[in-house]
Amino acid sequence: MQLVINTPGSFITQKDACFRLKLQDRVMDVSPLKVESIVITNQAMISSQAIVLALEHNIDIIFLDGYGDPVGRVWFSKMGSTALIRRRQLEAMPNALGLSLVLDMVRQKLTNQITFLKKLMYARPGQEDNFLGPLKEIENCKSDLNPKDQNLEAVRQRLLGMEGTAARHYFQCLSGVLPQKYRFPGRSRRPALDPFNACLNYCYGMLYPMVEKACILAGLDPFVGFLHTDNYNKKSLVFDLIEPFRLFAEQTAVYLFTGKKIKDAYFDFQDTAVSLNQEGKPVVVAAMQQHLDESVRYRRRNVKRRYLIQHEAHRLANILLAETGEPRPDWLEIREI
């Protein structure tokens with residue numbers, strides 16, 4: 001499980017080879033064998049003994065800011081990677097393989113958007129007209145993902161433009177399914193300008209460290225991306241690989257609002273900025289964790305959503321390791337809805 005610490009004043013230490021969580025007079029012990037990662041989202045303290053215990057069990061510690069974005073992490077020094085994977089990663093950037101991987105990730109993202117909108121449409125008989133226009137626009141963007149130029153650098157901006165066009169129509173449609181008071185004009189990030197975007201940003205923030213960890217465990221370099229280049233001075237591959245999995249955050253946020261599980265009291269409103277407060281964060285965290293822990297069909301077996309990211313990161317590494325002329329391993333088989 002992912003251990004999320006979101007209450008100010010919490011203290012994490014080590015006792016009898018377990019993590020001990022303290023908050024005022026409350027104490028809880030958690031076995032490291034049950035923990036995959038520790039996420040600290042607010043003013044909390046962690047002892048050096050607890051950090052060492054986490055490292056001994058290959059448990060990474062992620063720190064999020066007030067917007068839910070990762071700002072730092074502590075992980076095990078032996079990342080299990082190979083120089084060959086990273087060299088192949090760098091070699092793939094300017095050639096046809098890099099472009100192919102980018103197209104796969106963007107295509108899967110658009111496929112997820114189309115499938116999710118259709119699912120929402122079928123659940124709302126009589127409202128089909130609200131969905132058909134955005135669906136057509138996203139499908140047009142998907143059908144245009146066949147550039148004649150095989151150089152990634154030459155088509156990067158065009159791909160980003162198509163991705164942005166699809167996103168505008170997608171979120172316009174999602175806004176229409178929300179309760180009237182929570183509808184929004186478009187995406188807003190830092191800061192969020194409305195409650196839905198504040199909730200969605202926080203859910204995305206929970207996904208980023210999971211994708212980064214998956215990259216590290218698969219031997220991939222999080223800083224060497226394909227679509228989002230290293231000019232961003234950020235973990236570019238994380239920004240790439242999260243794209244097919246953004247659906248998990250979007251589903252969580254939409255269902256929270258359409259299920260009427262969100263209240264105005266969960267947000268702080270300051271001028272034009274909106275952020276989740278201490279009452280709202282636990283609600284969103286619990287919903288996201290529950291969604292990630294649900295099992296879906298994946299390659300003929302039941303797998304929790306949270307593990308799909310790790311499986312696909314390993315498949316990406318195998319693609320990079322495949323020798324020229326060898327059959328390319330398939331990946332991004334995400335067919336949960």
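Check whether at least one residue in the stretch 255-277 is more than 16 Å from Ile62 (Cβ to Cβ) and touching a His at 6+ places or on another chain (Cβ under 6 Å), and report yes or no. Steps first, answer last, please.
Step one: of the stretch 255-277, the residues more than 16 Å from Ile62 (Cβ to Cβ) are 255-277.
Still in the list and also touching a His at 6+ places or on another chain (Cβ under 6 Å): none.
Scanning the stretch 255-277, I find no residue that is more than 16 Å from Ile62 (Cβ to Cβ) and touching a His at 6+ places or on another chain (Cβ under 6 Å), so the answer is no.
Quick grid of which residues meet (1) of a type in the set (A, V, I, L, M, F, W, C); (2) touching a strand residue (DSSP E or B) at 6+ places or on another chain (Cβ under 9 Å); (3) not in a helix (DSSP H, G or I):
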| position | (1), (2), (3) |
| --- | --- |
| Pro282 | no, yes, no |
| Val285 | yes, yes, no |
| Leu308 | yes, yes, no |
| His311 | no, yes, no |
| Asn318 | no, no, no |
| Thr324 | no, no, yes |
| Pro327 | no, no, yes |
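Would it be correct to say that Leu332 is in contact (Cβ under 8 Å) with a residue 24 or more places away in the chain, outside the structural domain of Met210 (by TED's automatic domain parsing) and under 30 Å from Ala96 (Cβ atoms)? Here the answer is yes, as Leu332 does meet what is asked.
Of the candidates Cys199, Cys173, Cys203, the single residue that is under 29 Å from Tyr122 (Cα atoms), over 18 Å from the mean Cα position of the chain (by Cα), buried (at least 19 other Cβ atoms within 10 Å of the Cβ) and in contact (Cβ under 8 Å) with a residue 24 or more places away in the chain is Cys173. Quick check on Val224: is it assigned to a strand (DSSP E or B) and either polar (S, T, N, Q) or in contact with a helix residue (DSSP H, G or I) (Cβ under 7 Å, 6 or more places away or on another chain) (or both)? No, not satisfied.
Yes or no: Asp129 more than 19 Å from Glu243 (Cα to Cα) and of a type in the set (Asp, Glu)? Spelling it out, Asp129 is indeed more than 19 Å from Glu243 (Cα to Cα) and of a type in the set (Asp, Glu).
Taking the conditions exactly as written (modelled with pLDDT of 85 or more and crowded, with 20+ Cβ neighbours inside 10 Å), does Leu110 satisfy them or not?
Values: modelled with pLDDT of 85 or more: yes; crowded, with 20+ Cβ neighbours inside 10 Å: yes.
Answer is yes for this residue.
One residue stands out among those in the stretch 176-196 that are in contact with a Ser or Thr (Cβ under 7 Å, 6 or more places away or on another chain) and closer than 24 Å to Glu139 by Cα: the one that is surrounded by the fewest Cβ atoms within 10 Å (Cβ to Cβ), which is Arg183.
Those residues that are in a strand (DSSP E or B), without any contact (Cβ under 8 Å) to a residue 12 or more places away in the chain and not small (Gly, Ala, Ser), I need them from the stretch 288-305; list them, please. Lay out the reasoning, then the answer.
Of all residues in the stretch 288-305, those in a strand (DSSP E or B) come to 295-298, 301-304.
Next cut, without any contact (Cβ under 8 Å) to a residue 12 or more places away in the chain only: 295, 301-303.
If the condition is that a residue be in a strand (DSSP E or B), without any contact (Cβ under 8 Å) to a residue 12 or more places away in the chain and not small (Gly, Ala, Ser), then Arg301, Asn302, Val303 are the ones that fit.
Within the stretch 1-26, the residues that satisfy the criterion of being out of contact with any Leu (no Cβ under 7 Å at 6 or more places or on another chain), more than 23 Å from Gln290 (Cβ to Cβ) and part of a strand (DSSP E or B) are Phe11, Thr13, Lys15, Cys18, Arg20, Lys22. On inspection, Arg158 passes the criterion of being loosely packed, with under 14 Cβ neighbours inside 10 Å and touching a Pro at 6+ places or on another chain (Cβ under 8 Å).
The values are calculated or read from the model by the stated rules, or taken from the named source; none is laboratory data. Please read all numbers here as calculations on a predicted model, not as lab measurements. Cβ sites come from the backbone with ideal geometry, for glycine too, and all protein chains shown count toward neighbours.
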